[in-house]
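Here's the structure, in structure tokens; my notes come after.
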Amino acid sequence: MSNNKSDILWRIYLVYFLTVAFGILILVKVVYIQFVEGEEWRELARSTTMRYMNIDAVRGDILADDGRLLATSVPVYEIRMDLHSGVVSDEVFHAGIDSLAFQLSRLFRDRSQAEYKRVLMQARRNQERYFLVKRGVSYHELVSLRTFPIFRLGRFRGGLLVEERNRREMPFRSLAARTIGYEREGFYVGLEGAYREHLEGVQGKRLMQRISGGNWMPVNDENEIRSQNGKDLVTTINIHMQDIVETALRKQLERYQAQHGTAVVMEVKTGKVKAISNLTRNSGGHYEETFNYAVGESTEPGSTFKLPVMMALLEDGYVNPDDFVQTGDGTTRFYDRIMRDSREGGFGTITVSDAFALSSNVAMSQLVHEAYHRNPQRFVNRLKAMGLNQPLGIEIRGEGKPYIPEVDGSGWSGTTLPWMSIGYNVSLTPLQILSLYNGIANNGRVMRPMFVEEIRQTGRTIQRFQPRVLNRSVCSENTLRIIQQMLEEVVESGTASGIKSPVYAIAGKTGTAQIAQDGSYRSLGRAAYRASFAGYFPADNPVYSMIVVVHNPRGWVYSGSQLAAPVFREIADKIYATQLNIPREREEQPLLASFPSVRAGAREDIHAIYNRLGSRLIENDKEMPWVSAMVSDGDTIVVNGREVIPNLVPNVVGMGLKDAMYVLENAGLRVRFAGRGVVRTQSIRPGLRINEGTVIFIQLS
């Protein structure tokens, strides 16, 4: 019996001592965790329930050239509520819930009072700590909301949680929207993307606590580390010009239901882009800015490309403005393809200058083929020397890549050269084309298009951008003078004569290109066209250059002279009328800058005119009575003879009517004429043998 009792006691003592030992071990472990590993575990707890999160800085503003806002960050607020009973007591909640629901319904007008009360009561039952009340609340709405029942008690008694967000706004809505830029799913375009690093600023930090439902709630009302606001951009965009450009372009696109269009105005001396509009027709028939065609669309430019083509011919000495070229019936064949002129029946025999002004495809292609078909690489090299194969390197991402074909490339054929001469088989963006025209207006100096003038921080300029020259001399001075005159003749008497202004001179070139769609130049049996006009004004003292492109209009009106040129004229008229410094600059220009060259006239008359004006004459072929005079440099006039050979039809293009009739009738021809001004065309080609009494018809304009 005693043995059983001692055995039981022994077992009890063993269990007791084991229990005590286990308790001591637990106590030791608790002490160890508390004082040895405690900081490590506390940090782990904090990292899983507390975290510093980034707070975006206020994004910098984008400003027009006069400081008006083009894009700015407007503060909006997200309203949440901590409905835990430890924050909002039952007494406070039930006393104010009806009034709060009523006030919220009246302020936001998105739910009824009953609906607001229902969702708040449900959140209260769930003891939600971070219940979303409303997103996108304005500052004025927030001020009112802070006076509502329950909310007026603040965060720690009324559960009101306010989080500030920033929303990007454009005060002028669509004006230059695609160039200014915006953010879509984390990707920035336009100037917003190009200068993102400057605009974003430096992020701040805020301590957030993880709560039920996986949501994060700020621990404090203020950020722990304050953010630094972004810097501001001052652009080159002029609000007034931008409005003019977009209005004129939109009106023309709507009238002809075009697929899309673009227009850009650039300051000649600096390359500053003063206005840029890109409008696309959406499925509803309205126009909006969705793609920057001026920057990103590299396509076949059509006849606006005849400018660099003519410059190449002049630079290489293959043509002179007064040379004649036959256009025949308006068609010519190159291997298996037919080149056609826009005028049915052709232009007959015309000068090189008229071929450019009238945009004769047949004349231009014949001139280029005759000059370069034995050495096409020389033509390609001339275009490359103008920089036409290089992108502009502007700050806005997405610039379209220019394309000039290589002679040894797989796509080169016998028809490539003549079709290049009229703007096919090459690709350029509207902005790249405009830069070349701007260079001609700027006396041969090509400028890089410029969109931003300076970067500011809190109103202080911290970085200023200077105009950048891409090509100091795109051609020789002689070629420059000739091509400037040719561009003026396009408007004076050529394809753009419909936009001639009695107030100021315009220079430019029309373009009409048939465009390929899905690999074909016809879509569902209908040809698609791109109409364009590029030029500058005032032509005698250029201040602004401009390009207008209208893509794929509906109907039978599709040429550059009918669609793009009128938009150019409307924009130019309004800019000229409102920019008062233009007339003053014209008056300050030396008188000789506006002298016209004389294409043909009597030597003694030329002497009398230029000597009276105090010009210095350089005379060639002094024995010839008939001459032409070109302004060379400063006050220097170069006088060249124009030979009249007996028994051969003389060249009277460029002469006045009196001189032309004198020369032709003395040669034994009977003269008929139409129009007034100077002779533009003659019905019999110069150099043919004269038959006595033959009638010759001359057209003046």
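The values are calculated or read from the model by the stated rules, or taken from the named source; none is laboratory data. Since we're looking at a predicted model, the values are computed, not measured. Cβ: placed from backbone, ideal geometry, glycine included. Neighbour counts: every protein chain shown.
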| query | Looking at the stretch 361-405, which of the residues that are touching a Phe, Trp or Tyr at 6+ places or on another chain (Cβ under 8 Å) and among the polar types (S, T, N, Q) is farthest from Leu428 (Cα to Cα)? | reply | Ser365
| said: Exactly one of these conditions fails for Pro391: (1) over 24 Å from Thr327 (Cβ atoms); (2) crowded, with 19+ Cβ neighbours inside 10 Å; (3) modelled with pLDDT of 95 or more. Give me its number. | reply: (2)
| query | Which strands (runs of 3 or more DSSP E) does the stretch 582-701 wholly contain that include 3 or more residues that are aliphatic (A, V, I, L, M) and at pLDDT 75 or above? | reply | 695-700
| Residue list for the stretch 467-491, restricted to those being surrounded by 19 or more Cβ atoms within 10 Å (Cβ to Cβ), touching a Ser or Thr at 6+ places or on another chain (Cβ under 9 Å) and polar (S, T, N, Q) | Gln485
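With the condition kept exactly as written, say whether any residue in the stretch 38-61 is among the hydrophobic types (A, V, I, L, M, F, W, C), part of a loop (DSSP other than H, G, I, E, B), modelled with pLDDT of 90 or more and crowded, with 16+ Cβ neighbours inside 10 Å. Before you say what the answer is, go through the steps one by one.
Of the stretch 38-61, the ones among the hydrophobic types (A, V, I, L, M, F, W, C) are 41, 44-45, 50, 53, 55, 57-58.
Now restrict to residues that are part of a loop (DSSP other than H, G, I, E, B): 57-58.
From what's left, modelled with pLDDT of 90 or more: none.
Looking for residues that are among the hydrophobic types (A, V, I, L, M, F, W, C), part of a loop (DSSP other than H, G, I, E, B), modelled with pLDDT of 90 or more and crowded, with 16+ Cβ neighbours inside 10 Å, one finds none in the stretch 38-61, hence no.
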| field | Qualifying residue in the stretch 486-494 (condition: among the aliphatic types (A, V, I, L, M), within 28 Å of Glu399 (Cα to Cα) and touching a residue at least 24 places away in the same chain (Cβ under 8 Å)) | value | yes
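In the stretch 254-274, which residues are more than 13 Å from the chain's Cα centre (by Cα), in contact (Cβ under 8 Å) with a residue 40 or more places away in the chain and surrounded by fewer than 24 Cβ atoms within 10 Å (Cβ to Cβ)? Working first, answer last.
Here is the first cut: in the stretch 254-274, the ones more than 13 Å from the chain's Cα centre (by Cα) are 254-260, 267-270.
Cutting the leftovers down to in contact (Cβ under 8 Å) with a residue 40 or more places away in the chain gives us 256-260, 267-270.
Those that are more than 13 Å from the chain's Cα centre (by Cα), in contact (Cβ under 8 Å) with a residue 40 or more places away in the chain and surrounded by fewer than 24 Cβ atoms within 10 Å (Cβ to Cβ): Tyr256, Gln257, Gln259, His260, Glu267, Val268, Lys269, Thr270.
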| message | Can you confirm whether Ala294 is over 30 Å from Asn552 (Cα atoms) and either touching a helix residue (DSSP H, G or I) at 6+ places or on another chain (Cβ under 7 Å) or modelled with pLDDT under 95 (or both)? | response | no
| field | Where a residue in the stretch 517-536 is surrounded by fewer than 24 Cβ atoms within 10 Å (Cβ to Cβ) and its partner, wherever it lies, is among the aliphatic types (A, V, I, L, M) and at pLDDT 55 or above, with Cβ under 7 Å and at least six apart | value | Gln517/Ala528; Tyr521/Ala527; Ala528/Ile515; Tyr529/Ala513; Tyr529/Ile515
| Within the stretch 298-314, is there a residue that is at pLDDT 95 or above, of a type in the set (A, V, I, L, M, F, W, C) and closer than 30 Å to Ala577 by Cβ? | yes
| Which one of the conditions (1) crowded, with 22+ Cβ neighbours inside 10 Å; (2) at pLDDT 95 or above does Ile396 fail to meet, given that it meets all the rest? | (2)
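Could you say which residue among His140, His198 is within 30 Å of Glu288 (Cα to Cα) and within 45 Å of the chain's Cα centre (by Cα)? I'd like the intermediate steps shown before the answer.
Details: His140 fails: within 30 Å of Glu288 (Cα to Cα).
Sole residue among the options that is within 30 Å of Glu288 (Cα to Cα) and within 45 Å of the chain's Cα centre (by Cα): His198.
Using the structure shown, decide if Met447 is more than 23 Å from the chain's Cα centre (by Cα) and either surrounded by 14 or more Cβ atoms within 10 Å (Cβ to Cβ) or under 22 Å from Ser303 (Cβ atoms) (or both).
Details: more than 23 Å from the chain's Cα centre (by Cα): no; either surrounded by 14 or more Cβ atoms within 10 Å (Cβ to Cβ) or under 22 Å from Ser303 (Cβ atoms) (or both): yes.
No, not satisfied.
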| task | Would you mind telling me which numbered condition in (1) among the charged types (D, E, K, R); (2) assigned to a helix (DSSP H, G or I); (3) over 29 Å from Val491 (Cβ atoms) Glu370 fails? | result | (3)
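Among the residues of the stretch 372-386, are any in contact with a Gly (Cβ under 6 Å, 6 or more places away or on another chain) and within 16 Å of Phe305 (Cβ to Cβ)? First the steps, then the outcome.
Within the stretch 372-386, the first condition is being in contact with a Gly (Cβ under 6 Å, 6 or more places away or on another chain), and the residues that meet it are none.
No: the stretch 372-386 contains no residue that is in contact with a Gly (Cβ under 6 Å, 6 or more places away or on another chain) and within 16 Å of Phe305 (Cβ to Cβ).
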| message | I want to confirm something. Restricting to the stretch 333-353 and keeping residues that are over 20 Å from Trp412 (Cα atoms), out of contact with any Phe, Trp or Tyr (no Cβ under 8 Å at 6 or more places or on another chain) and of a type in the set (Ser, Thr, Tyr), which single residue is surrounded by the most Cβ atoms within 10 Å (Cβ to Cβ)? | response | Ser353
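For the structure I just gave you, tell me whether Arg680 is of a type in the set (D, E, K, R) and under 22 Å from Ser353 (Cα atoms).
Working: of a type in the set (D, E, K, R): yes; under 22 Å from Ser353 (Cα atoms): yes.
Answer is yes for this residue.
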| Do we find a residue being of a type in the set (D, E, K, R), under 30 Å from Asp243 (Cβ atoms) and surrounded by 21 or more Cβ atoms within 10 Å (Cβ to Cβ) anywhere in the stretch 275-286? | no
| Only one residue in Ile506, Ile462, Ile482, Ile547 is of a type in the set (A, V, I, L, M) and at pLDDT below 95, so which one is that? | Ile462
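Does Ser73 count as of a type in the set (Gly, Ala, Ser), assigned by TED's automatic domain parsing to the domain that holds Gly159, assigned to a strand (DSSP E or B) and modelled with pLDDT under 90? Full working, then the answer.
On the way: of a type in the set (Gly, Ala, Ser): yes; assigned by TED's automatic domain parsing to the domain that holds Gly159: yes; assigned to a strand (DSSP E or B): yes; modelled with pLDDT under 90: yes.
Yes, satisfied.
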| query | When you go through (1) modelled with pLDDT of 95 or more; (2) closer than 30 Å to Arg680 by Cα; (3) in contact with a strand residue (DSSP E or B) (Cβ under 7 Å, 6 or more places away or on another chain) one by one for Leu470, which number turns out not to apply? | reply | (2)
| message | Residue under question is Ala312, and the condition is that it be under 27 Å from Val557 (Cβ atoms) and in contact (Cβ under 8 Å) with a residue 24 or more places away in the chain; does it hold? | response | no
| request: Count, please, the residues in the stretch 126-159 that happen to be within 17 Å of Phe102 (Cβ to Cβ) and among the hydrophobic types (A, V, I, L, M, F, W, C). | output: 5
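Name the single residue, out of those in the stretch 354-374 being under 19 Å from Leu700 (Cα atoms) and either in contact with a helix residue (DSSP H, G or I) (Cβ under 6 Å, 6 or more places away or on another chain) or not assigned by TED's automatic domain parsing to the domain that holds Val309 (or both), that is surrounded by the fewest Cβ atoms within 10 Å (Cβ to Cβ). Write out each step before concluding.
Step one: list which residues in the stretch 354-374 are under 19 Å from Leu700 (Cα atoms), which gives 354-360.
From the residues that got through so far, the ones that are either in contact with a helix residue (DSSP H, G or I) (Cβ under 6 Å, 6 or more places away or on another chain) or not assigned by TED's automatic domain parsing to the domain that holds Val309 (or both) too are 355-357, 359.
Numbers: Ala355: 28, Phe356: 30, Ala357: 26, Ser359: 28.
Across the stretch 354-374, the extreme among qualifying residues is Ala357.
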| Positions within the stretch 184-209 being modelled with pLDDT under 85, surrounded by 14 or more Cβ atoms within 10 Å (Cβ to Cβ) and of a type in the set (D, E, K, R), in sequence order | Glu200, Lys205, Arg206
